[in-house]
Amino acid sequence: MTIIDVHTHMLNRDWLELIREHGRPRYELRKSLDAPEGIMIDGAPFMTPMPGHFDYATRIERMDAADVDVAIVSLTCPNVYFGGEEISLKGARIVNDDMAEAQARYPRRIRYLASLPWEYPDAAVAELRRAVDNGAVGVMVLANINGVSLTDPRFAPVWQAIDDMALPVLIHPTAPPGAPEMDLVNFNLIASIGFMFDTSLCFARMFFDGFLDRYPNLKLIASHAGGALPFLIGRLDQCFDNMAACKVKTQTRPSVYARRIYYDAVTFRMDALEMCVRMAGADRVMYGSDYPHNIGDMKGCRDRVDSLPAEQAQAIRTDNALRIFDLKL
C-alpha cells in the first residue's frame, strides 16, 4: 500500500529572501508570536516558516515515522504573487527548480506542483510548460490572486493551458480580500477562519460561474476538505433553486459541480472528514497533511483516514491520487 500526501509544503530560502526584498507593501518578514520570523500580510500574521519547510531529509524522516510514502509538495501563500513580473517569474523558477531537484534526489518519495506567475499569463504559460517538462505533476494556485478571483478573464490563457494538459490543480487559500476590514488581524483569524472562507468563496464563485464547463479537463482540488463547502453545499443549492442571479451563467446545481472537483483530507475532526466524504464521495478525496506548517498533522490526518471504512480509506490514501495525478511510482 502506497500512502500519498497531496497537500504538503516546502519553501526555499532564496524565495524567502525575495519576499524580504520585494514583498512590500503587502508582505513583510518580522517576528510573530509563533516564530522569530513570520510572513505578514497587511500587518497581520499570515504564514509561519518552520524548519521542516526547508529540509527534505527531515521531511523523509517524518514521512517514514507516519508511514507516508510519497509527498506531492507545493509552495504555500503568498506563492509568487508579488514584486512585478520579473520577480514573480524569478520566484516561480527558484521554487520549481528546487522542487524538481528534490524530486530527482528522492525519486520514490517526492513529486511537486508548479508555482506560476499567474498575474502575467504569457510568462505563466511558459513557466508551466517548463515545469511540466522538468517533472511537475500539477499546479498550485491560491484561491485569490491579490484580490482577483480565479474566474477573472485575465487568467483564461493560463487555465486553458492547464486544461489542455488535463493537470490537477491544488487550490490553496490565502488571506481573503478585505481581511483588515473583517478584523482578521488579531488571533491569527486568517488561518483559522479566513482561509476556510477564501476556499469556499473561490469554489462557490466557480460553481455559479459555470467555470468547470469551460474547462472540462481540469482536476481541481479544494484544500482543507473543501473549507466550509461540505457544510454549506445545501445552502448553495437552495439559493440556486430560488434566486435568479445564481442561474445567470449555469443551469447546473452547485452540488453537482461539487462532485466534479476533488478534496484533500486536511481536517482535524473525524466528523468533518466524514461530512466531506458524504458530500463528495470517497473517490473524490485524497490524503493530505499540511506538514510542516505549525498546525500540520501528518499522523493525525492519516489516522482519521484510516478510521474510515476500509474501502474508502484505501481510495483516499492511495488509489485516487495514483489515478488523478497519473503517478508512475
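Read the figures in this text as sums done on the coordinates, not as results from a lab. This structure is a prediction, so every number in the text was calculated from the model and none was measured. Reconstructed Cβ throughout: ideal geometry from the backbone, glycine too, with neighbour counts over all protein chains shown.
Given the -39500 (n - 2.57) contribution per DSSP H run of 4+ residues, what per-residue ellipticity at 222 nm results for the chain, rounded to the nearest 500 deg cm²/dmol?
Value at 222 nm, helices only, nearest 500: -12000 deg cm²/dmol.
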Fill in the blank from the handout: For Thr252 and Arg205, extending 7 Å from Cα along the Cα-Cβ vector and measuring point to point gives, in nm, a value of 1.9 nm
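Calculate the translational D of the chain in whole µm² s⁻¹ from Stokes-Einstein, where the hydrodynamic radius comes from the Kirkwood formula applied to all Cα pairs, the temperature is 25 °C and the viscosity 0.890 mPa s.
Details: Rh = 19.8 Å.
D = 124 µm²/s.
Using the number of other C-beta atoms within 10 angstrom as an exposure proxy, rank Arg109, Arg278, Arg93 with the fewest first.
Working: Arg109 19, Arg278 10, Arg93 16.
By the 10 Å Cβ count, ascending, the order reads Arg278, Arg93, Arg109.
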Exercise for the section: Report the residue, chosen from Arg259, Arg302, Arg317, that carries the largest GNM mean-square fluctuation when the chain is represented by alpha-carbon nodes joined by springs under 10 Å. Expected result: Arg259
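If packing is taken as the mean number of other Cβ atoms within 10 Å per residue, what is the order of 117-129, 15-27, highest first? Display every interim value, and only then the final one.
Values: 117-129: 20.2, 15-27: 16.2.
The most tightly packed comes first, giving 117-129, 15-27.
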Problem - Amide H contacts of Gly38 (H built 1.01 Å from N, under 5 Å, at least 5 apart or other chain) - result: Arg30, Lys31, Ser32
Exercise for the section: Would you calculate the separation in nanometres between label points at Arg259 and Asn186, each defined as 7 Å from the Cα along the Cα-to-beta-carbon direction? Expected result: 4.4 nm
Exercise for the section: Report relative contact order for segment 4-324 in percent, whole number only (criteria: Cα-Cα under 8 Å, sequence separation at least 6). Expected result: 17 percent
Practice task
Give the order of Leu184, Leu33, Leu201 when sorted by the count of other beta carbons within 10 angstrom, beginning with the fewest.
Solution key: Leu33, Leu201, Leu184
Fill in the blank from the handout: In nm, the gap between the two label points placed 7 Å beyond Cα toward Cβ at Met1 and Glu311 is 1.6 nm
Problem - Prolate/oblate/rounded call for segment 33-126, Cα gyration tensor, a/c under 1.5 rounded - result: oblate
Exercise for the section: Within 10 Å, count the other beta carbons around each residue, average over each peptide in 98-105, 261-268, and list them highest first. Expected result: 261-268, 98-105
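Can you tell me the convex hull volume per residue for segment 277-329, based on C-alpha atoms, in Å³ to the nearest whole number? The partial results should precede the final answer.
On the way: hull volume 5.0 nm³, N = 53.
In segment 277-329, the Cα hull volume divided by residue count equals 94 Å³.
Run the dipole for the chain about the Cα centre, Lys and Arg Cβ at +1, Asp and Glu Cβ at -1, nothing else charged, and hand back the magnitude in debye, nearest 20. Display every interim value, and only then the final one.
On the way: 35 positive and 43 negative charges, 99 e Å.
Dipole magnitude for the chain comes out near 480 debye.
What number results when the radius of gyration of segment 1-80, computed over Cα atoms, is divided by 2.2 N^0.38 Å? All intermediate terms of the calculation are to be shown ahead of the outcome.
Values: Rg = 14.4 Å, N = 80, 2.2 N^0.38 = 11.6 Å.
Relative to the 2.2 N^0.38 Å estimate, segment 1-80 comes out at 1.24.
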